[in-house]
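These notes concern the structure reproduced below.
The values are calculated or read from the model by the stated rules, or taken from the named source; none is laboratory data. Since the model is a prediction, treat every value here as computed from it, not as a measurement. Cβ sites come from the backbone with ideal geometry, for glycine too, and all protein chains shown count toward neighbours.
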Amino acid sequence: MIFSLKYTTINIFLLCAIFCVVSGESPAYATDPAPSPAELYKIGRAYYLGVGVNRDPSKAVDYWRQAAAQNYPPAETDLGSAYLYGVGVATDPAQAIALFNKAAAQNYPPAENSLGIAFQTGNGVAADPVQAVQWYRKAAAQGLPIAQYNLANVTQMGLGTPADAPTAANWYQKAADQGLPQAMNRLGVLYERGLGVPQDLPKAVGLISKAAQAGEAAAERNLGLLYLAGEGVKADNLRAAAWFTRAASQGDIVGTYALGSLYLYGSGVPQNQATAVSLFTRAANAGYAPAQNNLGVLYSRGIGVAQNDAMAANLFAAAAKSGNAAGEENLARAYQSGTGVAKNLEQAKFWFGKAAAQGDQSALQALHTMGG
């Protein structure tokens, strides 16, 4: 009887399996539960980051879309970012903003922060600094560090809200307390300059150092500047060069320019004028006016590069158009002498006047000499 019972039981399962296949149904014991929105979102993140799978943003978008269809705020926000920047899907700013709004309606701080960025930059919506501040404030009040940082930034600059250094410092502090390197760096700069907080160089150095150690490029550059100037630390050009090198490797333009200056004079690094030219060129191509002017000087004198007056004049013009006083004066002298450009005394007077208005005494003297 025991063997008969076993045989009967097995046949019942076989009949069930046959019936289920014929009818198109699955037996209850073989059914897998559908992935939850959170699971779909995590799979999408894995494809976006390439964690455990080959990176594939388009697959990430597919999973996020499934999760977003179930009103899952993290997926709506990341999918919105994909549409906004065209990652894994065709760019569609309107769809991005709609998704951000859906997630923000559920009080999801990252979506609120994304809307703040959109309104600040005018990406996907008409630029509206006041609305940007409102969205940043919503997300910041819920403790999102990057929103606290963004709110501090616009408050410091007076964008969409009155400029208020103490309030900006307070928001930077909140974000820094949560370990955000950008906020540590900005707060350190405020302590270094005594803006919104009492000036405190040791505190400034501590905050900027912590951010630099975390790999924040702007902090690496700022720490290099502190070592170069001996401000709050003992002057040390070797350490300055090391920090500028780290900042430049991350594309920090001011750090790149500063490192070029050290190579030009052999300060903290072996002198190498060709390397200085290369670094100045990188910074100049990124639109950094001091680099454009100094690179122009090197071309005008043939230092580290073949002498080229026309190239020098073009670089002086680029710097001058950005409001760089040294570039304005050098462009004026080029027009005055006809070096690299056609001689034009009216243009020379104009650019000497621009430089003089910024307090450039040699430009003011030149302007008086010309009768300006």
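Tell me, yes or no, whether the range 314-322 has at least one residue that is surrounded by 15 or more Cβ atoms within 10 Å (Cβ to Cβ) and either more than 34 Å from the chain's Cα centre (by Cα) or touching a residue at least 60 places away in the same chain (Cβ under 8 Å) (or both). Checked against the condition, which is being surrounded by 15 or more Cβ atoms within 10 Å (Cβ to Cβ) and either more than 34 Å from the chain's Cα centre (by Cα) or touching a residue at least 60 places away in the same chain (Cβ under 8 Å) (or both), the range 314-322 yields no hits at all. Of all positions in the range 277-291, at least one carries a residue that is more than 20 Å from residue 326 (Cα to Cα) and surrounded by fewer than 24 Cβ atoms within 10 Å (Cβ to Cβ).
Candidates 274, 312: the one that is of a type in the set (A, V, I, L, M, F, W, C), outside any loop (DSSP other than H, G, I, E, B) and over 25 Å from residue 247 (Cβ atoms) is 312.
Yes/no matrix, rows are residues, columns are (1) surrounded by fewer than 21 Cβ atoms within 10 Å (Cβ to Cβ); (2) over 28 Å from residue 167 (Cα atoms):
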| position | (1), (2) |
| --- | --- |
| 36 | yes, yes |
| 41 | no, yes |
| 58 | yes, yes |
| 85 | yes, yes |
| 94 | yes, yes |
| 100 | no, no |
| 112 | no, no |
| 117 | yes, no |
| 134 | yes, no |
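Is it true that residue 141 is without any contact (Cβ under 8 Å) to a residue 24 or more places away in the chain and out of contact with any strand residue (DSSP E or B) (no Cβ under 9 Å at 6 or more places or on another chain)? So residue 141 passes the test. For the range 217-249, filtered to residues that are under 19 Å from the mean Cα position of the chain (by Cα), farther than 21 Å from residue 295 by Cβ and of a type outside the set (D, E, K, R), the residue that is surrounded by the fewest Cβ atoms within 10 Å (Cβ to Cβ) is 218.
Of all the listed residues (167, 161), the sole one being of a type in the set (Ser, Thr, Tyr), in contact (Cβ under 8 Å) with a residue 24 or more places away in the chain, surrounded by fewer than 21 Cβ atoms within 10 Å (Cβ to Cβ) and not in a helix (DSSP H, G or I) is 161. The residue of the range 342-363 that is nearest to residue 299 (Cα to Cα), among those that are of a type in the set (A, V, I, L, M, F, W, C) and surrounded by fewer than 20 Cβ atoms within 10 Å (Cβ to Cβ), is 342. Highlighted here would be helices (runs of 4 or more DSSP H) found entirely within the range 17-132 that include at least 3 residues which are modelled with pLDDT under 95 and touching an Asp or Glu at 6+ places or on another chain (Cβ under 8 Å), but there are none.
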